[in-house]
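K.L.:
Below is one structure. I have some questions about it.
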Amino acid sequence: MKKVNVAIVGATGMVGRTFLKVLEERNFPIENLYLFSSARSAGSKVEFAGKEHTVEELNENSFDRDIQIALFSAGGSISEEYAPIAASKGAIVVDNSSAWRMDENVPLVVPEVNPEAVKEHKGIIANPNCSTIQAMVPLKPLHDKYKIKRIVYSTYQAVSGSGVKGTKDLEDGINGIPNQFYPHPIAYNCLPHIDVFMENGYTKEEMKMINETMKILNDYNLKITATTVRVPVVNGHSESVNVEFENDFEIDELKSVLANFEGLELVDDIANNVYPTAFELSGRDEVFVGRIRRDFSVDSGINMWVVADNIRKGAATNAVQIAELLLKYDLV
């Protein structure tokens, strides 16, 4: 496999460091690696594949070199400003922020679900929201097989989804120190409030899940609602997903469909108290599904419990998988 030059924007952040870890674990073929950050972190040293790299301050000239792939995780405003610059210089940007996800000219990609979408890129590819990514992996094969009619999302999202500030609020709260980041204490608490509230009463996080699901599955007739909740868990998002289908199913067949789908692992043996939990599955790249049972309140529906590492599959790993698709399809 040919080697490519890769840039990471936001290299010293939680997701940026995980980019590096995942790239190294998956032996991504890198010729030259360029690391960019804010002025505050510029000059710091980062080790990758046994070699020390110096982090540079991001500026409008950062991409005046031969860079084929740029992985961004530095926030929406940085992506809005610098992703077009990087793309104009010939790099393909895989952006982890929400800045480009709903742009009709930007593919929104989960590699197990809609890999071919990367071929439609015009220089920028969007990484979906972490909670959306993990839901898409089990929903895709079920939609293909039974045709989804309606989805009800209830999420239980870890503080690492808020970055270091959210994690610190939890640690401080456990130690009796007042919260600085969340509007209420997160220790020993649950906050039905992720991102800002919209005029319709939903949070931005909830609307992300609704709109991104439709775009990724390319089905704008789906009926979807969501409640997203921040919980006192360090890492790993959990989701209760209620799905109503157009077509009927046999529960054993449905479980088999899930068990045989790429990137998805069935963990469902309630007789032995076996089901996915964030604590046990943090650090893994797969999406895990369990507690699958028929919803008797509708003609054809199920409940399922979906768990994934939000920093890995929900962010860094998904982005690296997109970069791998670019190589697979010879797009770089």
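The values are calculated or read from the model by the stated rules, or taken from the named source; none is laboratory data. All figures in this text were calculated on a predicted structure; none of them were measured in a lab. Please note: Cβ atoms are built from the backbone with ideal geometry, for glycine as well, and neighbour counts cover all protein chains shown. The protein model used for the area step is the full one, side chains on, heavy atoms only, and it has no ligands, DNA or RNA in it. Shrake-Rupley method; radii C 1.70, N 1.55, O 1.52, S 1.80 Å.
K.L.:
For the chain, what does the helix formula give at 222 nm: sum of -39500 (n - 2.57) over DSSP H segments with n ≥ 4, over the residue count, nearest 500 deg cm²/dmol?
P.N.:
Taken over the chain, the calculation gives -8500 deg cm²/dmol.
K.L.:
To continue, here is another question. Tally Lys and Arg at +1 and Asp and Glu at -1 over the other residues with C-beta under 15 Å from the C-beta of residue 270: what net charge comes out?
P.N.:
+1
K.L.:
What shape does the stretch 28-183 take by its C-alpha gyration tensor, where a ≥ b ≥ c are the square roots of the eigenvalues and a/c under 1.5 counts as rounded, a/b above b/c as prolate, and the rest as oblate?
P.N.:
Judged from the Cα gyration tensor, the stretch 28-183 comes out oblate (a/c at least 1.5, b/c at or above a/b).
K.L.:
Once you've got the GNM for the chain with C-alpha springs shorter than 10 Å, pick whichever of 178, 232, 111 has the biggest mean-square fluctuation.
P.N.:
Looking only at 178, 232, 111, the biggest GNM fluctuation is shown by 178.
K.L.:
So what's the convex hull volume per residue for the Cα atoms of the chain, in Å³?
P.N.:
151
K.L.:
Can you give the % of DSSP beta bridges in the chain that are antiparallel, to the nearest 5?
P.N.:
So the antiparallel bridges amount to about 50 percent of the total.
K.L.:
Hey, any idea what Rg/Rh is for the stretch 232-332, computing Rh the Kirkwood way over Cα pairs? Show your work: numbers first, answer last.
P.N.:
On the way: Rg = 15.7 Å, Rh = 15.1 Å.
On the Cα set of the stretch 232-332, Rg over Rh gives 1.05.
K.L.:
At 0.36 nm per residue, minus the direct Cα-Cα distance, what do residue 197 and residue 225 gain on full extension? Give it in nm, one decimal, please.
P.N.:
The residue 197-residue 225 span can extend by a further 8.6 nm.
K.L.:
Within the stretch 74-170, report the GluC sites (Glu not before Pro) that DSSP leaves as loop and that have at most 12 other Cβ atoms within 10 Å.
P.N.:
104
K.L.:
Moving on to the next point. Under a plain spin-label model, where a point goes 7 Å from the Cα along Cα-to-Cβ, how far apart in nm are residue 247 and residue 332?
P.N.:
Using points 7 Å along Cα→Cβ, the separation is 3.8 nm.
K.L.:
In cubic angstrom, how much convex hull volume per residue do the alpha carbon atoms of the stretch 242-292 span?
P.N.:
96
K.L.:
Now, a different point. Roughly how compact is the stretch 110-240, stated as its Cα Rg over 2.2 N^0.38 Å to two decimals?
P.N.:
So the Cα radius of gyration is 1.17 times the expected 2.2 N^0.38 Å.
K.L.:
If you roll a 1.4 angstrom probe over the protein chains with everything in place, what fraction of the accessible area of the chain belongs to carbon and sulfur, to the nearest %?
P.N.:
47
K.L.:
On to the next question. What list of ³J(HN,Hα) values in whole Hz, one per residue of the stretch 43-59 in order, does the Karplus curve 6.51 cos²θ - 1.76 cosθ + 1.60 (θ = phi - 60°) give from phi, with Gly and Pro shown as x?
P.N.:
x, 6, 9, 10, 9, 9, 6, x, 10, 8, 10, 9, 7, 9, 6, 5, 8
K.L.:
Next question. Compute a Gaussian network model of the chain, connecting alpha carbons closer than 10 Å, and tell me which residue from 316, 126, 117 fluctuates the most.
P.N.:
Taking springs between Cα atoms under 10 Å, the residue moving most is 117.
K.L.:
Within the stretch 230-332, report the chymotrypsin sites (Phe, Trp or Tyr not before Pro) that DSSP leaves as loop and that have at most 15 other Cβ atoms within 10 Å.
P.N.:
296, 329
K.L.:
Can I ask one more? How high is the FRET efficiency between residue 80 and residue 147 when r is their beta carbon distance and R₀ equals 45 Å, given to the nearest 0.05? Could the numbers behind the result be given before it?
P.N.:
Details: r = 36 Å, r/R0 = 0.81.
Working from the Cβ atoms, E equals 0.80.
K.L.:
Please identify every one of the GluC sites (Glu not before Pro) in the stretch 1-67 that sits in a loop by DSSP and has no more than 16 other beta carbons within 10 Å of its own beta carbon. Provide the component values of the computation, followed by the final result.
P.N.:
Details: sites: 24, 25, 31, 47, 52, 56, 57, 60; in loops: 60.
Sparse-neighbourhood loop GluC sites (Glu not before Pro): 60.
K.L.:
Next question. What is the sum of charges, Lys and Arg at +1 and Asp and Glu at -1, for the other residues whose Cβ falls under 13 Å from the Cβ of residue 119?
P.N.:
Around residue 119, the surrounding residues sum to -1.
K.L.:
From largest accessible area down, sort 182, 275; use a 1.4 Å probe on the protein chains. Walk me through the numbers on the way to the answer.
P.N.:
Numbers: 182 20, 275 95 Å².
Of 182, 275, the descending order of accessible area is 275, 182.
K.L.:
Normalise the Cα radius of gyration of the stretch 23-78 by 2.2 N^0.38 Å (N = residues in it) and let me know the number.
P.N.:
1.18
K.L.:
With the chain treated as a Gaussian network of Cα nodes joined by springs under 10 Å, which of 64, 169, 309 yields the largest mean-square fluctuation?
P.N.:
64
K.L.:
Please report the accessible area of residue 143 (heavy atoms, 1.4 Å probe, ligands and nucleic acids excluded) in Å², nearest 10.
P.N.:
Result for residue 143: roughly 30 Å² accessible.
K.L.:
Right, next: Solvent-accessible area per residue for the chain at a 1.4 Å probe radius, Å²?
P.N.:
45
K.L.:
Mean Kyte-Doolittle of at least 0.0 and a Cα length of 20 Å or more along the axis: which whole DSSP H helices of the chain meet both?
P.N.:
Counting only whole DSSP H runs, no helix qualifies.
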